[in-house]
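The values are calculated or read from the model by the stated rules, or taken from the named source; none is laboratory data. Being a predicted model, the structure only gives us computed values, none of them experimental. Virtual Cβ from ideal backbone geometry, glycine too; neighbours counted across all protein chains shown. The accessibility values were calculated without ligands, DNA or RNA, using every heavy atom of the protein model including side chains. Shrake-Rupley method; radii C 1.70, N 1.55, O 1.52, S 1.80 Å.
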Amino acid sequence: MKGRSIFHLMLSLVFLAIGTPVVLAQGRSASASEPSVCNQPQTTAQINNCAAALYRESDRRLNEAYKQVISKLNRREREKLIDEQLAWIQRRDASCKDQFRIDATSSAYSGARDACLASETDKRTAELEKFLQK
């Protein structure tokens, strides 16, 4: 049973690794959204490295958008956004930690967590970018 669930997890990770760059590519050029480590990852280590690279890129984009938004706010609005952002980070991290029913020591866990973090971070970035378009 455990071997079967690990197989399904690995299969899910492959689809995440393949599908995440497509999701991330929305609004960006393909070369900017897909790190070279994501060029057809096949092993668990390659998938984990790809997911980590995608998360780093997502986090970089989030920080850019956040800085742009916060620069447009007055003091009270900045304080509110800071509180919202800190709460969002806690929710995102907790959600991604608990989303996968696998042992945190599993070799697949870090890739699954990073793929989740990248996806949730992209959603938050889109929210902040929407604010900038107003």
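Here are the numbers for the structure shown:
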item: Members of segment 50-62 that are touching a helix residue (DSSP H, G or I) at 6+ places or on another chain (Cβ under 9 Å) and either free of Cβ contacts under 8 Å to residues at least 60 places away in the same chain or under 15 Å from Leu86 (Cα atoms) (or both); result: Ala53, Arg56, Asp59, Leu62
item: Pairs where the first residue, in segment 105-134, is under 9 Å from Ala52 (Cα atoms) and open to solvent by 80 Å² or more (accessible area, probe 1.4 Å) and the second is at pLDDT 90 or above and not in a helix (DSSP H, G or I), C-beta under 6 Å, 6+ apart; result: none
item: Members of segment 35-72 that are open to solvent by 30 Å² or more (accessible area, probe 1.4 Å), among the hydroxyl-bearing types (Ser, Thr, Tyr), within 30 Å of Lys134 (Cα to Cα) and within 18 Å of the chain's Cα centre (by Cα); result: Tyr55, Tyr66
item: Test result for Gln99, of a type in the set (S, T, N, Q), open to solvent by 90 Å² or more (accessible area, probe 1.4 Å) and under 25 Å from Asn48 (Cβ atoms); result: yes
item: Number of positions in segment 42-98 that are of a type in the set (Val, Ile, Thr) and modelled with pLDDT under 95; result: 3
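Results for (1) on the phi > 0 side of the Ramachandran plot; (2) of a type in the set (D, E, K, R); (3) touching a Lys or Arg at 6+ places or on another chain (Cβ under 8 Å), shown as yes or no for each residue.
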| position | (1), (2), (3) |
| --- | --- |
| Glu64 | no, yes, no |
| Ile82 | no, no, no |
| Ala87 | no, no, no |
| Ala94 | no, no, no |
| Ser107 | no, no, no |
| Thr121 | no, no, yes |
| Arg124 | no, yes, yes |
| Leu128 | no, no, no |
